[in-house]
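**Student:** One structure follows; several queries about it will come next.
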Amino acid sequence: ASFSKSDSNGAEDQLLDEMLASSVHDRSCLSRYRSAPYRRESPYKPSADLVKSLRRYEALHKSCGPQTEAFEKSMLLLKNPHGGPSRCKYLVWTPENGLGNRMLSLASTFLYALLSDRVLLIDRGKDLDSLFCEPFPGSSWLLPPDFPLKFRAIFNKTHPHRFGNMLRSRSISDDVPQPAMVYAHLSHDYDDQDKRFYCEADQMLLHEVPWMVLRSDQYFVPALFLLPSFERRLHQLFPQKEAIFHHLGRYLFHPSNPVWDLIISYFEANLAGATETLGIQLRIYGSENPIINLVTRQILNCTWGEKLLPLPTGERLPGFSLGISFHQPSHEERQQTGREAHDAKALAEIFLLSTADTLVTSAWSTFGYVAQGLGGLTPWILRGPVHAAVPRPACVRATSMEPCFHFPPTTTAQQEGSLRRQRSSHTRPSAETEFRGCKW
Ligand code: GDP
């Protein structure tokens, strides 16, 4: 590409300060080493510990991943749980909800894999393999199609190997033989037994289980800090806590060549000439009545009020030249998760938002969280939901670019109540019960 946004020079920038291994120079994933110039230079540098851990993880993945002897041996354990010890432990991630939810949950799951020495494999769902490049050099993170566990229909709250259920029925404890597989249900509707995943003593029960399946639609990184065995390491890996998703997301998510082509062709045709770009991500939740006039007013109140756009009076704001152009990359109108062409456009749009200099996002939207994290941008958040009037103020500045954890395991009754009120017009169910803590 001819365009270069960041001023810093090539090689160091391409490798994102060595977060990316330098060994994967092939044309199967053009975005891997070409994304950096499209974004503002990141003020957040990955720690030396993180870089070292990523190289160590990549070596582990290569030696235990699909098509290795260790993998074949471990797979046998799923058929015969008493088939002997396995050298490698696995973490199988399964997708849930829209692309933003998936990316946040996948990044969180990868961090858990890193901390617990597990090898991350993903259920590709309908199209994840066509959206993203393989992130780990010389290996694959895709669960082979002949893998013996079937997904979606099976991994839900009634699964007998669901960790919460196993704790309830005492089929996992220090006193019974360890299972070959456990299913950790960490989605928004997890219950207080599932939440014991974040308790040290319960985490110890999971430590040696060779296969773990994990399902979540959440950014659950903050809860990993609750585990004393991980906490110190997390501080070493991420001295800047507000940049965890920023680094994990940039490391893991490289758009596949067809998606990269969408991104670059749109960028070059529409955005490359801009001196400054403002990204606006608009998400209207479950509204049947057209409130678009209110939302439009809210956007204007926000962007004029915060001086992100010049007022129509002709008043010149410092730094603004005349002529402003407006671009909307896709017009999908409604969510169609699982349709490859739709998801490709969604990913392209997330990526394009991440190239903006300034970002305005919608409250509670994981789509916006991913864009802000990849871009290293602390957004202005349009307050919502909007019903009968424009909220005042129309938007507020986020405290950091880290994504929100919508349903954390510890919430006081008061917080839970206020969350419910805020979400009153969303379709999201709230967590079943309040977590009683780790003392059982
Ligand atoms: P959330 O529901 O806002 O938290 O975000 P998700 O990404 O999890 O789910 C919303 C889905 O709706 C996206 O993944 C897309 O499929 C679609 N979507 C929402 N907003 C946009 C948008 O601005 N552009 C495109 N192309 N798709 C969108």
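Every number here is computed from the coordinates shown, using simple stated rules; none is lab data. Since the model is a prediction, treat every value here as computed from it, not as a measurement. Quick reminder, even Gly has a Cβ in these numbers, built from the backbone with ideal geometry, and neighbours come from all protein chains shown.
**Student:** What do you get for trypsin sites (Lys or Arg not before Pro) in segment 225-311 restricted to DSSP loop and a cutoff of at most 13 other Cβ within 10 Å of the site's Cβ? Walk me through the intermediate numbers first.
**Tutor:** Numbers: sites: Arg232, Arg233, Lys241, Arg250, Arg283, Arg297, Lys307; in loops: Arg283, Lys307.
Within segment 225-311, the qualifying trypsin sites (Lys or Arg not before Pro) (loop, at most 13 other Cβ atoms within 10 Å) are Lys307.
**Student:** Measuring from the lowest to the highest alpha carbon on each principal axis, how far does segment 12-252 reach, largest first, in angstroms?
**Tutor:** Dimensions of segment 12-252 along the principal axes of its Cα atoms: 53, 35, 32 Å.
**Student:** OK, next. For the chain, calculate the relative contact order in percent as a whole number, restricting contacts to Cα pairs under 8 Å that are 6 or more residues apart. Walk me through the numbers on the way to the answer.
**Tutor:** Numbers: 670 pairs, mean separation 87.2, N = 440.
Relative contact order here is 20 percent.
**Student:** Which value at 222 nm does the chain reach when only helices count, each DSSP H run of 4 or more adding -39,500 (n - 2.57), with the total divided by all residues and rounded to the nearest 500 deg cm²/dmol? Walk me through the numbers on the way to the answer.
**Tutor:** Details: 15 runs with 150 residues, N = 440.
That comes out to -10000 deg cm²/dmol.
**Student:** State the three equivalent ellipsoid semi-axes of segment 133-193, derived from the C-alpha gyration tensor as the square roots of 5 times its eigenvalues, in descending order and whole Å.
**Tutor:** Details: eigenvalues 144, 46, 29 Å².
Over the Cα atoms of segment 133-193, the semi-axes work out to 27, 15, 12 Å.
**Student:** Which log10 I(q)/I(0) values, to two decimals, does the chain give at q = 0.06, 0.12 Å⁻¹ under the Debye formula with one point per Cα?
**Tutor:** Here log10 of I(q) over I(0) equals -0.26, -1.06.
**Student:** No other cysteine beta carbon under 4.7 Å away is the test; run it over the chain and list who passes.
**Tutor:** For the chain, the answer is Cys404, because their Cβ atoms have no other cysteine Cβ under 4.7 Å.
**Student:** Counting only C-alpha contacts under 8 Å and six or more residues apart, can you give the relative contact order of segment 12-252 as a whole percent? Intermediate results must be reported in sequence, preceding the final value.
**Tutor:** Values: 315 pairs, mean separation 58.4, N = 241.
Relative contact order, segment 12-252: 24 percent.
**Student:** Next up: Using Cα pairs closer than 8 Å and at least 6 residues apart in sequence, work out the relative contact order for segment 77-148, in percent. Before the final figure, lay out each step's value.
**Tutor:** Values: 57 pairs, mean separation 23.2, N = 72.
Relative contact order here is 32 percent.
**Student:** Let me ask something additional. Quick one: if the Förster radius is 41 Å, what FRET efficiency do Ser140 and Leu278 give, using the C-beta to C-beta distance and rounding to 0.05? Numbers along the way, then the final one.
**Tutor:** On the way: r = 38 Å, r/R0 = 0.94.
Approximately 0.60, to the nearest 0.05.
**Student:** Can you list residues whose amide H is under 5 Å from Leu142's amide H, if they're 5+ apart or on another chain and H is modeled 1.01 Å from N?
**Tutor:** Ile122
**Student:** Fewest Cβ neighbours within 10 Å first, please rank Ile154, Ile263 accordingly. Please list the in-between numbers first.
**Tutor:** Values: Ile154 13, Ile263 24.
Fewest-to-most Cβ neighbours within 10 Å comes out as Ile154, Ile263.
**Student:** Right, another one. For Phe132, list long-range residues whose amide hydrogen, built 1.01 Å from N in the peptide plane, is under 5 Å from its own amide hydrogen.
**Tutor:** Distant-sequence amide H within range of Phe132: Ser256.
**Student:** Tally the DSSP beta bridges in the chain and give the antiparallel ones as a percent, rounded to 5. Don't skip to the answer; put the middle values down first.
**Tutor:** On the way: 4 of 27 bridges.
Roughly 15 percent of the DSSP beta bridges within the chain come out antiparallel.
**Student:** Please give the FRET efficiency for His327 paired with Thr158, using the beta carbon to beta carbon distance and R0 = 41 Å, rounded to the nearest 0.05.
**Tutor:** Once rounded, the FRET efficiency stands at 0.30.
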